[in-house]
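Below is one structure; the comments refer to it alone.
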Amino acid sequence: MSLPTARRSARALIAVAAVTAGLVVTQTSANADEDPRIEQYRQALAELKPLAQQPPCDEVPEPGRWDDAGTPDEGSDNVIISAHRGALTLAPENTLKSYEYAFAYGVDLVEVDVQQTSDGRFVAMHDSTVDRTTNGTGEVKNLTFDEVRALNAADYAPWIGSEYDGSQVASLDEILALAKRVGRGVELDIKGSVTDDSEVAELVGDYGLIEESILNTGDPQVLAAEPGARMIYNRDTWEPGFLIYEIAEVFKVFGSRLDEYSPESIAAAHDACSIVMPHAYDAGADQEVAQFQLARSMGADGVQTNQPALIVAAAGEAVDSELVVREADAQGDLCLVNASNGMGFPGKSVHLAKGKESLDLTTGNGGCASVPGMNWRGASVSFAGDDAVHASTGRLVPNVG
């Protein structure tokens, strides 16, 4: 989370919340080093820095580039992609299927909004209430875990009446187990219902995912519990380069809106070995690829996206696919999955051919399509591939192992 701002009502650094109350951050100081917020931030960072244990930084700072970067930095060779609420255009947001689809595209992280139920359990829910996305009402913090889990998490357009109607709200444990299984991380946006951020960090640690993950918090207790935790700083536009550098010595990931970044601010963060991954979606769905490309041209290491397939394609990081049969007979389900982790790709066209007969199927839930009644045993199957997923071929032979 960011250091506190009046513009953002999101969770702020506990250490600095009291002293910065009431500051108007939309003002910009004519003389940045006279801005009273700088010393307040430094006081908060001084409390956090001794608790953090991060790998040594071997970058040599170039303060001159924090004012005029010249040629922008080159971002990470391997683009860092975080899927916002999972693949929310492919399945209902914050459901396990949405996270599975995101991981199918090989993303590094899935972004999870963490709420806490009345009995202390953690679930994935963006809003403080269940009203918008489920068939229930009320604040998550006033509902038990079982009450939240009994709700339909697809009770909103466009998912009502779809094959995902009846989906369950994902638990944080389920998502962490999934991330561990596919060898990826989570980006946790810890919401106001959570009473102790360090409990979330400890849970991530229990799954062995601290190094791969990011926590959107500024609570010193998180670092006390998990010193190796990476915290994300959601920057504003006012912070001078030297302060960004100091923040980056503690917060190893920078996020928030792309329009709050410049090549100079990115250079300052990089000089302290932090990564920068702003949003790609704030300008609208049809601008995500252009926003990603703009971010990369400024030196960003990656982005947070609503459409991981588009960003994977734009990054030139297409993943390998595999065609598998998930049933014990040839009239079962033919599934197109990520060859490395087994997560399915929905909405893809697969082709069957046997003798003079041929058939095109479109994958659905889980990346699978039901093979119709005609005996297609032995048929050749193929997926032509696209910009995000490599082509694959096979034969329709039941997997009876």
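The values are calculated or read from the model by the stated rules, or taken from the named source; none is laboratory data. Quick caveat, the model's predicted, so the values are computed rather than measured. Note: ideal-geometry Cβ built from the backbone for every residue, glycine included; neighbour counts use all protein chains shown. Side chains are part of the model used for accessible areas, which takes the heavy atoms of the whole protein and leaves out ligands, DNA and RNA. Shrake-Rupley method; radii C 1.70, N 1.55, O 1.52, S 1.80 Å.
Quick look at the numbers
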| item | result |
| --- | --- |
| Residue count for segment 246-305, restricted to those that are at positive phi and either touching a His at 6+ places or on another chain (Cβ under 9 Å) or open to solvent by 40 Å² or more (accessible area, probe 1.4 Å) (or both) | 3 |
| Segment 222-256, residues that are charged (D, E, K, R) and closer than 22 Å to residue 56 by Cα | 226, 230, 246, 249, 252 |
| Some residue of segment 336-354 being aromatic (Phe, Trp, Tyr), free of Cβ contacts under 8 Å to residues at least 24 places away in the same chain and touching a strand residue (DSSP E or B) at 6+ places or on another chain (Cβ under 6 Å) | no |
| The listed residue being open to solvent by 90 Å² or more (accessible area, probe 1.4 Å) and either at pLDDT 95 or above or in contact with a Ser or Thr (Cβ under 8 Å, 6 or more places away or on another chain) (or both), out of 34, 59 | 59 |
| Checking residue 273 against (1) in contact (Cβ under 8 Å) with a residue 60 or more places away in the chain; (2) in a loop (DSSP other than H, G, I, E, B); (3) over 20 Å from residue 57 (Cα atoms), the condition it does not meet | (3) |
| Residue under evaluation residue 239, criteria (1) part of a helix (DSSP H, G or I); (2) among the charged types (D, E, K, R); (3) in contact with a Ser or Thr (Cβ under 9 Å, 6 or more places away or on another chain), criterion not met | (1) |
| Residue in segment 86-104 that is open to solvent by less than 40 Å² (accessible area, probe 1.4 Å) and part of a strand (DSSP E or B) present | yes |
| 2 or more residues closer than 30 Å to residue 74 by Cα: qualifying strands (runs of 3 or more DSSP E) within segment 283-401 | 302-305 |
